[in-house]
Amino acid sequence: MKEFNFDPGRNHLLSLSQGDDLLDSLTSFARSNGILAATITFLGSVSHADLSWYDPDLGDYRTFVRDEQLEVASGTGNISLHEGQPLVHLHAVFADSTGQTVGGHINQGTTVFAIEATVQQLVGDPPEFWGTL
């Protein structure tokens, strides 16, 4: 187990714009605001989800997409460092119009319909991303 200790920093509430790329928007926000460590929660909906899950048998990620309106049932993530830059790492569970759910690691290409995100900045020595914190 690895442990990182932080003090709470600023708490940012964001309203992302329809059509934005979810991952790119949060990464841009982190970089432009110098956020090197944070926790993220988000809610709302997406019009397209590009997701992946780690297949331990392959030792790699498998990607899948859902090209439909999906409600965010749970959205969470963090910000750490990768090669000296903020890296946003997100996971979510989405529900379709029938209540069926799908979830996984969020990739670029996940398109915002309406998302509100909370970025809780953490003050301290930011961890370096090594695949998982």
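The values are calculated or read from the model by the stated rules, or taken from the named source; none is laboratory data. These numbers come from a predicted model, not from an experiment. Reconstructed Cβ throughout: ideal geometry from the backbone, glycine too, with neighbour counts over all protein chains shown.
Annotations for the structure displayed:
- Condition met for residue 52 (of a type in the set (S, T, N, Q), more than 16 Å from residue 121 (Cβ to Cβ), at pLDDT 95 or above and surrounded by 13 or more Cβ atoms within 10 Å (Cβ to Cβ)): yes
- Taken over the range 15-43, residues that are buried (at least 18 other Cβ atoms within 10 Å of the Cβ) and of a type outside the set (S, T, N, Q) amount to 13.
- Residues in the range 76-131 that are free of Cβ contacts under 8 Å to residues at least 12 places away in the same chain and either of a type in the set (S, T, N, Q) or assigned to a strand (DSSP E or B) (or both): 2 in all.
- Total residues in the range 17-37 satisfying the condition of being assigned to a strand (DSSP E or B) and out of contact with any Gly (no Cβ under 8 Å at 6 or more places or on another chain): the figure is 0.
Here is a yes/no grid of residues against (1) modelled with pLDDT of 95 or more; (2) under 18 Å from residue 14 (Cα atoms); (3) more than 11 Å from the chain's Cα centre (by Cα); (4) buried (at least 17 other Cβ atoms within 10 Å of the Cβ):
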{"residue": "60", "(1), (2), (3), (4)": "no, no, yes, no"}
{"residue": "63", "(1), (2), (3), (4)": "yes, no, yes, no"}
{"residue": "67", "(1), (2), (3), (4)": "yes, no, yes, no"}
{"residue": "72", "(1), (2), (3), (4)": "yes, yes, yes, yes"}
{"residue": "77", "(1), (2), (3), (4)": "yes, yes, no, yes"}
{"residue": "107", "(1), (2), (3), (4)": "yes, no, no, yes"}
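- Among (1) of a type outside the set (Gly, Ala, Ser); (2) in contact (Cβ under 8 Å) with a residue 12 or more places away in the chain; (3) part of a strand (DSSP E or B); (4) over 22 Å from residue 2 (Cβ atoms), the one test that residue 62 misses: (2)
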